[in-house]
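Enquirer: After the structure tokens below, expect a handful of questions from me.
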Amino acid sequence: MTQRRDLVGLALGAGAAWIAPGWLAGARAQEAGQGAGHGGALRIGMAAPNTTLDPHLLSNAPNNAVATHLFDSLVVNDHASRSQPGLAESWTRQDDTHWTFRLREARFSDGAAFTAEDAIASIRRATDIPSAASFRTYTRSISAMSAPDPRTLLVETRAPDPLLLNSIGRVRIIRAALAGAPSADFNSGRAAIGTGPYILREYVPGNRIVLERNAAWWGGPTPWERVELRVVTDDAARLAALLAGDLDIIEAVASGNTERVKADPRLHPISGISSRFVYFALDQVNEVSPSVTGMDSRPLERNPFKDLRVRQALSLAINRQAIVERTMEGQAVAASQFLPKGGPGTDSTLEVPAYDPNRARALLAEAGYPRGFRLTVVGPNDRYINDSKIVQAVAQMFTRIGVECRAETMPWSTYAGRNSQRTVDSCHLGAWGVNTGETSNPMSALVATEDKAAGLGISNGGRYSNPEVDRRLKEALRTMDDAGRNALLAEASGIAFRDVALIPLHHEVSVWAAKKGIGYVTRADQYTLATGVTKES
């Protein structure tokens, strides 16, 4: 343990690659001598870069997936988003607002014992740290925490919180002594000390993360002694690296490459339905929207997206089935709301919006735009499955009804930066992993009226606001009875999507590709975790 402390103390400054002395040279020698995938080494091709190693700074899938390798949570959300014991080995609900968590014996990678004080400090930090994608949405219901002894955590909520276990599982646990550490210290490795299955050995932002097995992990040793998470955002390059033997498994296989994987006897595809909901958000807050002009290129005097008829027109302009079949090549299911109809908290009467360009043109004319207008549609080009192609396809569909569109896509690191600056784009592509298995989580984040203190509307990029949605959502969030809660959420979903709070597109089907002999337990949240990669006999 003393040696590990010394390695951490030698961390480099913020933004630079952090390399534990001697580790990288030894790892490269192992690769040179033994070849890819041997000696307990695993190389994973990641489709999108994480933007920080601070587990509490920005809640998004790449950041959270990477953090899960280093940091544990009290409750683990498994591959199907079910709550399982983590650092909390058991829990009891005393009444609607009081919970007792019994904590397991575990140690941080620097040798310090994990206690309830670490859990309290981590939850407070995740709640309070300034962030454009805050974890406050998961912790907002907690009013008090206490630790009567090192292995007992008492949690009191402001009101009944039926999703506390799932929510608290989003917060990764750090040492209480590091709660004041800046994010730069996590990125440099100095504060990247967790109780998780792996220990950080190298971090090159946007390029790779090298991990070493944590032999003292309470969950038992993982199959892999060394893991390298390589960021390869280009779909073709990621597949080429797998074909060349430079990677063992890759995520987010492009729809056009699945048949190529199937045809190679050395490889096999692994697929699973995800909980990711893909949508477009429209600016519903600015009086003059930033990326909208008339056909004369002059800014419009009023924001067209504040008119329901315009929002409906854009939704009707989208041929979702064409996107599913052509753009996604079958790796998606057309969406009408946050989850497929029949899921908890969905409105059974909502149908996938029809493709009706004639009706769309008529609605634009009714709203006062018979000649349409000009619009820039924005999205990432390396984050979601076929994201750039989706932006371009939808821009073309909008153009056909008279809304002349320009598609603008950019790397996820840039796009995420725009979001962190609270930029309101006129029309942007987004996606949300509905990892609670019901609709209160995406509703709280994406369509609830923005309320930073309450953790609501944290990712409401268009700043949509509807008091009727908010009222039903808030009541649902304190309803412990599943049937009653889901009925309220269904009502709120119906109101929001009939009001075109968001334009729904589809639910993703995720595909991985791996060498024969390598398996993976697919996850609804689409995370690629080394702990889920198996060696097949």
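Enquirer: Can you tell me the Rg and Dmax of region 230-305, counting just the alpha carbons, in angstroms?
Expert: 21.2, 60
Enquirer: Rank the residues Ile249, Ile273 as a footprinting-exposure proxy: fewest other Cβ atoms within 10 Å of their Cβ go first.
Expert: Final ranking by Cβ density, sparse to dense: Ile273, Ile249.
Enquirer: Once each part is reduced to its C-alpha centroid, what is the distance from region 429-453 to region 300-359 in angstrom?
Expert: Measuring centre to centre over Cα atoms gives 18 Å.
Enquirer: What ranking do Ile120, Ile503 get, fewest neighbouring Cβ atoms within 10 angstrom at the top?
Expert: Values: Ile120 21, Ile503 25.
Ordered from fewest to most neighbouring Cβ atoms within 10 Å, Ile120, Ile503 come out as Ile120, Ile503.
Enquirer: Output wanted: per-residue J couplings in Hz (rounded whole) for region 175-188, from phi through Karplus 6.51 cos²θ - 1.76 cosθ + 1.60, θ = phi - 60°, x for Gly and Pro.
Expert: 5, 4, 5, 9, 4, x, 5, x, 4, 4, 6, 6, 5, 7
Enquirer: Pop out the Kirkwood hydrodynamic radius of region 275-509 from its pairwise C-alpha distances, inverse of mean 1/r, in Å to one decimal. Present the calculation step by step, with values, prior to reporting the outcome.
Expert: Working: mean 1/r = 0.0562 Å⁻¹.
17.8 Å is the Kirkwood radius here.
Enquirer: Beyond 31 Å, what percent of the Cα pairs of the chain remain?
Expert: Values: 68397 of 143916 pairs.
Every Cα pair in the chain considered, those over 31 Å come to 48 percent.
Enquirer: May I pose another question? Would you list the P(r) distribution for region 160-231, with all Cα-Cα distances sorted into 5 Å bins from 0 and each bin expressed as a whole %?
Expert: Going from the shortest bin to the longest, the percentages are 3, 14, 18, 21, 20, 15, 6, 3, 1.
Enquirer: Here is a further query. Could you size up the charge dipole of the chain around its Cα centre, putting +1 on the beta carbon of Lys and Arg and -1 on that of Asp and Glu, and report it in debye to the nearest 20?
Expert: That gives a dipole near 480 debye.
Enquirer: Treat the count of other C-beta atoms within 10 Å as a stand-in for reagent exposure and order His69, His79 from fewest to most.
Expert: On the way: His69 22, His79 16.
Fewest-to-most Cβ neighbours within 10 Å comes out as His79, His69.
We did not get these values from a lab; they are worked out from the coordinates using the rules stated. What you see is a predicted model; the values in this text were computed from it and never measured. Here the Cβ is made from the backbone with ideal geometry for all residues, glycine too, and neighbour counts use every protein chain on show.
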